[in-house]
1. What residues qualify as long-range amide H neighbours of TYR48, i.e. H under 5 Å apart, gap of 5 or more or another chain, H built at 1.01 Å from N?
2. Counting only Cα atoms, I'd like the Rg/Rh figure for the chain, Kirkwood definition for Rh.
3. Could you order the peptides 141-152, 4-15 from most to least packed, using the average number of other C-beta atoms within 10 Å per residue?
4. Cut-off is 10 Å between beta-carbons; in what order do ASP81, ASP33 appear when sorted fewest neighbours first?
5. Using a cut-off of 12 Å between alpha-carbon atoms, which aspartates and glutamates can reach LYS2, once sequence neighbours fewer than 8 places away in the same chain are excluded?
6. Between the range 134-150 and the range 18-83, how far is it from one alpha carbon centroid to the other, in angstrom?
7. Can you give the relative contact order of the range 2-154 as a percent, counting alpha carbon pairs under 8 Å and 6+ residues apart?
8. Taking 7 Å along the Cα-to-C-beta vector as the label spot, tell me the ALA155-LYS41 distance in nanometres, rounded to one decimal.
Amino acid sequence: MKILILYYSKTGHTLEAANATAEGIRSAGATADLVAVKNFKAGAVAEYDGFIMGSPCWAGSITGAGIATPLIHTLKILPADCMKGKRGGGISVHCVTGGAHTVNALGKLLSQKGCENYRPGPAAKAGLPLSPWKGPSVSSQDEALFKAYGVAFVA
């Protein structure tokens, strides 16, 4: 199984979560490619069996979906049925609350692209509210949850 993890990370927290997820996927015997949203090519989706999106929570518990705008823009350019027959997933990092809401919103967006097999992943607390500084990283306990999610995503 070949899985694409598409992520947006301004301070590195979502990348920490994506790396841990990729580690779990690889330990389960599958291939995982991490791609930052700025380097993503829409045609690449066809090459993968699974597609996981990693997003920080942007005011997800207050308004809107809480998904990072660059990921929303990227999803809009994908063909309507590009996720048909593929496994989808979502992970998130939040600094206060709302990460689970973001993970669920990712599932709704992927279903609009034809995904019928969405597997919601964990959301971890990291960073500082409304801050351009990195703040606390994803905890080792949360990294273990992302790794376990990667293993379960392959199964």
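Quick note: the coordinates plus some simple rules give every number you see, no bench work behind them. Computed from a predicted structure; not experimentally measured. Reconstructed Cβ throughout: ideal geometry from the backbone, glycine too, with neighbour counts over all protein chains shown.
1. none
2. Details: Rg = 14.0 Å, Rh = 15.0 Å.
With Rh from the inverse mean 1/r over Cα pairs, Rg/Rh is 0.94.
3. On the way: 141-152: 18.4, 4-15: 21.2.
My ranking of the peptides, most packed first, is 4-15, 141-152.
4. Details: ASP81 10, ASP33 14.
Final ranking by Cβ density, sparse to dense: ASP81, ASP33.
5. Filter leaves ASP33, GLU47, ASP49.
6. 17 Å
7. Details: 354 pairs, mean separation 43.9, N = 153.
Contact order relative to length: 29 percent.
8. With each label placed 7 Å out from Cα toward Cβ, I get 3.5 nm.
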